[in-house]
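Below is one structure, written out as structure tokens; the observations come after it.
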Amino acid sequence: MSEKLVDLRSDTVTRPTPAMRAAIAQAAVGDDVFHEDPTTNELQEVLAETLGKEAALFVPSGTMSNQIAVRLHCRPGEEFLCEAGCHIYNYEQGAYAQLSGVVARPVPGRYGIFQPEQLHGMIRPEDEHLVRTRLVCLENTHNRGGGRVWPYETLEAVCRWAHQNGLRTHLDGARLFNAVVATGIPAREWAQHFDTVSVCFSKGLGAPVGSALAGSKELIYEARRHRKLFGGGMRQAGVIAAGALYALQHHVERLAEDHQNAQLLAQGIAQIPGLELDPPEVQTNIVVFRVEETLGPAEALVELLAQRGVLMIPFGGQLIRAVTHLDVTRRDVEQAVDTLAQVVDHLRRNPQAAAAGTQHAYGSSPGAE
Ligand code: TLP
């Protein structure tokens, strides 16, 4: 009998729990473009309070939230500084350029973290040849960095330097609550260093849709205009805000389970010859590992895993990413590790399968009952 499909591709794949669905079904709604959706208003108030900000704005996605923030802080012909592997720079189609005429200047980090001194000298002087440097964007936890949490003092020092030098700061906190649970440092403490903070409800928190941007009343007033321009003005948004509100109120502490499961997964992967954790130490719910070249391309291994009912994603080069979340149990992680060990063993004993990549099917089809 085939086992359950274990989907570790992302923490975005969760389904709403029955209790969350009940909250969604019962949500009071109104037209949010008229500011009349009570559930959206409540979500925005609760989030602003959680982050210690004056106001917040519910938006459909993390990408929109980040792009509204960039547009708030930079005009056309201006630039922001960011870590080279960050989501805003790599995975949003250069929307800052496409939508807002803004340029990004990436700073290389180690697993997503750079040092404050690396920014020194990066603010461009006033000169008609040059763009103007306006903003620093950080990402915490860092996705490509393997779920790394920014060391608090380093993040504080970067933001202090930015503000002392007249720059604004934005946090892509798609997984900020993972950092909160991993460190015990409250969200508002992290958030106090930023002019705007974006959080996602649809990742580890397990809501079906939605992100939010928080900041001062003035900034969020402007953010509403940008949201409308980007087509993100929503009507009876309470239906989705209810899932986000439920997630914020009930799914933060439980992220600790995801972190424990990620540890278990990492320990299992570390035992499999030919696989190497990268980064070696897992801090939150993201596990990234490197596949030895002799085992063939990472894509081929991912394909073979999928055929055995375990889903992960190729993460560039020889890297694979696996993310734990609300719908992944300890048992699922054990199953994933067993399957990974079997597939690696198969590739070792059948080098032609490794070389042929995805052409050679391994085992039964995915998740077949
Ligand atoms: N990340 C997704 C993919 O786009 C890679 C994932 O599966 O991790 N900031 C960060 C740090 C993110 O990881 C993501 C999504 C976003 C922003 C964008 O959020 P959405 O998908 O809601 O636009």
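The values are calculated or read from the model by the stated rules, or taken from the named source; none is laboratory data. Note that the structure is a prediction, hence the values are computed from the model and not measured. FYI the Cβ positions are ideal-geometry reconstructions off the backbone, even for glycines, and counts take in every protein chain you see. Remember, those area values only see protein heavy atoms, side chains included, never the ligands or the DNA or RNA. Shrake-Rupley method; radii C 1.70, N 1.55, O 1.52, S 1.80 Å.
Tabulated results
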{"quantity": "Cα gyration tensor shape for segment 183-251, rounded if a/c is under 1.5, else prolate or oblate", "calculated": "oblate"}
{"quantity": "Electrostatic dipole magnitude of the chain [Cβ: Lys, Arg +1; Asp, Glu -1; Cα centre; debye, to 20]", "calculated": "360"}
{"quantity": "Carbon + sulfur, % of accessible area of segment 259-335 - ligands and nucleic acids excluded, 1.4 Å", "calculated": "50"}
{"quantity": "Accessible heavy-atom area order of Arg290, Arg110, highest first, probe of 1.4 Å", "calculated": "Arg110, Arg290"}
{"quantity": "Solvent accessible area, Å² - His170, 1.4 Å probe, full protein context", "calculated": "0"}
{"quantity": "The chain: angle of helix 62-73 to the longest principal axis, Cα-based, in degrees nearest 10", "calculated": "30"}
{"quantity": "Qualifying lysines (Cα of each under 24 Å from Cα of Lys203; at least 8 residues distant if same chain)", "calculated": "Lys4, Lys53, Lys228"}
{"quantity": "FRET efficiency, 1/(1 + (r/R0)^6) with R0 56 Å, evaluated for Asn350 and Arg160 via beta carbons", "calculated": "0.50"}
{"quantity": "Apportionment of accessible area to carbon and sulfur, segment 31-250, percent (1.4 Å)", "calculated": "48"}
{"quantity": "Anisotropy class of the chain from Cα gyration tensor, a/c 1.5 cut", "calculated": "oblate"}
{"quantity": "Coil-residue trypsin sites (Lys or Arg not before Pro) of segment 1-48, DSSP, other Cβ within 10 Å capped at 14", "calculated": "Lys4"}
{"quantity": "Partners for Lys217 among aspartates and glutamates (Cα-Cα distance below 14 Å; same-chain residues under 8 apart left out)", "calculated": "Glu45, Glu49, Glu54, Asp195"}
